[in-house]
Every structure is written in C-alpha cells, then in structure tokens.
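**Q** Shown below is the structure under consideration.
Computed from the coordinates by the stated procedures, all read-outs in this text should not be read as laboratory data. Computed from a predicted structure; not experimentally measured. Quick reminder, even Gly has a Cβ in these numbers, built from the backbone with ideal geometry, and neighbours come from all protein chains shown.
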Amino acid sequence: MKVVNDYIDFEIIDTSNGMKYERWGNIYLLRPDPLVIWNNGDLSNKYHNINSIYHRSNKGGGYWEDLKTVPENWVISYHDMKFNLKKMGFKHTGLFPEQAINWNYIREKIKESKRDIKVLNLFAYTGGATIAAMMENAHVTHVDSSKGMVAWAKENVKLNHLDETKVRFIIDDVIKFVKREIRRNNKYDVIIMDPPSFGRGANGEVWDIEKDLFELITLCNELLSDKPLFMLVNSYSGLSPTVLFNVLKLTNQRKGNISIDEIGLPIKTNDLILPCGIYGRIDYE
Ligand SMILES: C[S@@+](CC[C@H](N)C(=O)[O-])C[C@H]1O[C@@H](n2cnc3c(N)ncnc32)[C@H](O)[C@@H]1O
C-alpha cells in the first residue's frame, strides 16, 4: 500500500458510519465514503467546525448542506501544485487527493528521462495528472468527455501558470479518440488513464470498465512511441489488483515491467489508512 503522508492543505481527520471528515485548506467537509463500514461515533455531533455535509438521497445522488459559509471555489496546494476546488454533485470536490502517489511518480519519471515527453491523459477529469506532467515540461493531450471538467482543468493549468501551448484539451469519448489517434499515427511516451466503472462519452457512448478496459489498454499499445516511458492505470472502481495485473500482463506488448499496488490516505485520529483504489503501471525504462 502506498500512502500519501505529506499534505499540508489536506487531511482526513476522522471516519465513521459511511462518512469521512476532511479538512481542505480551512474548509471542513463531511462526505460519504462507502468503504467506511466501521462505527467511530456520530461525526456530525463530534465535530463543531464542519462547513458542509453531503447527504445522500434515497432517490440517488444527494446534496450539500452548508452549516457555515463555503466559498464558491477555493484553492489547495500539494507541494508546488495548486488545485481549484468546488463543492459538486456526487460528493465531489474536483480533486482526488490520494492521486498524489501517481502525480509524484509521473513527475519523477518525466524529470529523470531528461527528454521531451508526450503524455496522453485519458479520463483526465480536472487535470491532476495533466498538471503533474506539465510541471515537468511535458506536452499533454488531455481527454475527457465532459465540457465542464475540461473547463475546470483549463482553470487548473492557468492557476499553476503553466505553458498553455503545451496542452491540448480534447472533449471526446476515450475509445473513439484513441482509435482516431491510431489512424493518424500519433505516438506518446506516457499514457495515463483513470477509468470510472461506468461513464459516458461526449456523444453518449457507454464506457463499462468490465467490457471496455481490456480493449482500451490493447489499443493504447499502438499509441506508444519508439521509446515509451510508462503506462499508468488508476482505478477506484473496486477492480481487484490481480485482475488489473492480469489485464496488464496480457496486453504488455512491449514487455515492460509491471507493478501494482493499493493507494491510501492516513486517518488522523486513529492511525488507520483509508484505501482509495489501486494503480497498475508498466515501466518500459
Ligand atoms: C474518475 S474520474 C477521473 C479522475 C482523475 N483522473 C483525477 O485523478 O483527478 C473519470 C472521468 O472520466 C470521464 N469519462 C467518463 N466516461 C468517459 C468516456 N467514455 N470518454 C471520456 N471521458 C469519460 C468523466 O467525465 C470523468 O471526468
């Protein structure tokens, strides 16, 4: 298990009964987390500086209840990277803090390579991995089907004062885009993806990780450059690490070195770790 221990602006303070209590800068949020199946008391009674609570609705979805003022958007940092946050539907804030494990790896590998690196970031959301790669001067093609998410990722690029000529934002279905890039004979040194369990392409195309992940990773092999660095697959969809290992092993056309691990975040009050999914990597050098 890889654990992120070096946030200043973020921490999980406590967890209980399907909820986690977190600090994001100076904003305190209480949000659902289905992995918290233990009981450690009623967090909404225990803590008195909660800014907002996300309540699940029986009909699906949910809503934020503000107990104190929450700005429309605010910023937190992880080392020298900055991210815009907003309270969004589906209990999101626009950032998955545990991804710092992947951001650190992306930055380290690109920096060590000492060459001009082209990155393809699929299911790229608000651009955490895009920012990490651009911090090391890589060229990034950022693909997501949601206009809103791409707009947010653009804000994050601006916030970090990165060179906007080095990023290409694409609003498209991932599989469609990858097939088009194969036809155009475009190549990438790094491919990163964070596929959800289910999703929709820009024109309603259905993404289902169980049906589509194997094909997507197989196709991505055709986009690798002559000197690829790595392929990184993150998953928060309950995919077993062994299943991801098997998929990577069977699609590993360039015979890279496969590694798989869980990622997690520490819980401050009781020294527990909250698991936050897995990653699988193929390193080619
Ligand atoms: C789990 S989030 C990725 C999290 C992100 N990598 C991070 O760490 O910040 C999944 C993203 O995939 C996008 N998405 C879902 N289905 C898609 C599809 N078929 N094609 C392109 N993007 C899709 C969603 O809009 C969403 O932004």
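**Q** How high is the FRET efficiency between H79 and N203 when r is their beta carbon distance and R₀ equals 51 Å, given to the nearest 0.05?
**A** With R0 = 51 Å, the Cβ-Cβ based efficiency is 0.85.
**Q** With +1 assigned to the C-beta of every Lys and Arg and -1 to the C-beta of every Asp and Glu, and no other charges, what is the dipole magnitude of the stretch 2-85 about the Cα centre in debye, to the nearest 20?
**A** Roughly 240 debye for the stretch 2-85.
**Q** Taking the chain as a Gaussian network, where each spring joins two C-alpha atoms under 10 Å apart, which residue of R107, R184, R168 fluctuates the most?
**A** R184
**Q** On a full-extension model of 0.36 nm per residue, what is the gain between M1 and S237, subtracting their alpha-carbon distance, rounded to one decimal in nm?
**A** Difference between extended and current length: 83.3 nm.
**Q** Now for a separate question. Binning every alpha carbon pair distance of the stretch 2-85 at 10 Å from zero, what are the percents per bin?
**A** 16, 46, 33, 6, 0
**Q** As an exercise, use a Förster radius of 41 Å and the Cβ-Cβ distance of D261 and K227 to find the FRET efficiency, rounded to the nearest 0.05.
**A** That pair, D261 with K227, gives E of 0.95.
**Q** Moving to a separate point now. Which order do L29, L67 fall in if you start with the one that has the fewest other Cβ atoms within 10 Å?
**A** Ordered by Cβ neighbours within 10 Å, fewest first: L67, L29.
**Q** Within the set of other residues whose C-beta is less than 11 Å from the C-beta of G62, count the net charge using Lys and Arg as +1 and Asp and Glu as -1.
**A** Computed value for this residue: +3.
**Q** Cross-link list K147/K211; K179/K211; K187/K227; K114/K227; K227/K255: which exceed 20 angstrom alpha carbon to alpha carbon?
**A** Pairs exceeding 20 Å: K147/K211.
**Q** Using Cβ counts within 10 Å as a stand-in for footprinting exposure, how do I8, I260, I101 rank, fewest first?
**A** Sorted ascending by nearby Cβ count, the order is I8, I260, I101.
**Q** So what is log10(I(q)/I(0)) for the stretch 97-283 at q = 0.08, 0.11, 0.12 1/Å, when the Debye sum runs over its Cα atoms only?
**A** -0.24, -0.45, -0.54
**Q** Please give the contour-minus-distance gain from L159 to K268: 0.36 nm per residue of separation, less the Cα-Cα distance, rounded to one decimal in nm.
**A** That works out to 36.3 nm of additional length.
**Q** Something else now. Going 7 Å from the Cα of Y47 along its beta-carbon direction, which residues of the stretch 260-275 have the amide nitrogen within less than 13 Å of the resulting point?
**A** 267-270
**Q** Excluding residues on the same chain fewer than 8 positions from K91, give the aspartates and glutamates whose Cα lies under 14 Å from its Cα.
**A** Excluding near neighbours in sequence, the set is E22, D33, E65, D66.
**Q** Quick one: putting +1 on the C-beta of Lys and Arg, -1 on the C-beta of Asp and Glu, what dipole do you get for the stretch 97-283 around its Cα centre, in Debye to the nearest 20?
**A** 600 debye
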